[in-house]
Amino acid sequence: MLAARPVASSHAVRLACAVALLVALALAAGCATHRAAPPPPPPPPSLPAASQGSAIAAFAASLVGTPYHFGGADAAGFDCSGLALYVYQRFGLAIPRTAAAQQRAARPVSLAELAPGDLVFFHMHAWHGIDHVGIYSGGGRFIHSPRPGQGVTYADLTRGFYARHVRGAGRFW
């Protein structure tokens, strides 16, 4: 005569499946990678404003070559306003997310009084208002993340395309 096997209860089967699923998720999470480099420490609060602006510009320069990524605001990739947001956050400065909102919130600075670390704002497309932003680095140049296929780079503010489209500048520091 055959011995009867005990039948597992449906509760025990569900519990075993749930445990197996949790173990699989934990193992998968352990394999995830994180690319973001640790941010540099912000400058000490005792730095004069001009030094903070120069430090902002220097940090932005360290990101040259980072890929463009629409909606990006981290070391994996930036759009123009995401670059400004990321750089300013590293110095403890909270700014809005979009170029237009950044322009509205910034203290206006004339183009003649630009200092490294200031934001420069552009009107690039006829159907938008302010739709591009960069970080002034000095010497008539700025750092920005212009478009897909071209990562963070320098551009000339004194002549050419960007000189024709610049609409102002602002300061948060």
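No value in this document is a laboratory result; all are computed from the given coordinates. Everything numeric in this text was worked out from a predicted model, so none of it was measured. All Cβ positions, even for glycine, are placed from backbone atoms using ideal geometry, and neighbour counts span all protein chains on display.
The value of relative contact order for segment 57-173, using C-alpha pairs under 8 Å at least six residues apart, is 30 percent. Judged by the ratio a/c of the largest to the smallest principal axis of the C-alpha gyration tensor, segment 49-171 counts as rounded, that ratio being less than 1.5. Applied to segment 119-134, the Karplus parametrisation 6.51 cos²θ - 1.76 cosθ + 1.60 on θ = phi - 60° returns per-residue 3J(HN,Hα) values of 8, 10, 10, 10, 10, 9, 10, 4, 8, 10, x, 5, 9, 8, 9, x Hz, with x for Gly and Pro.
Taking θ as phi - 60° and the Karplus parameters 6.51, -1.76 and 1.60, the scalar couplings of segment 142-156 work out to 9, 10, 7, 10, x, 5, x, x, 9, x, 4, 8, 8, 9, 8 Hz in sequence order, x denoting glycine and proline.
What is segment 110-170 by shape, rounded, prolate or oblate, if you read a ≥ b ≥ c off the alpha carbon gyration tensor as root eigenvalues and call it rounded for a/c under 1.5, prolate for a/b larger than b/c, and oblate otherwise? It is oblate, given that a/c is not under 1.5 and a/b is not larger than b/c. On the beta carbon distance between GLN89 and SER110, with R0 = 35 Å, the FRET formula returns roughly 0.85.
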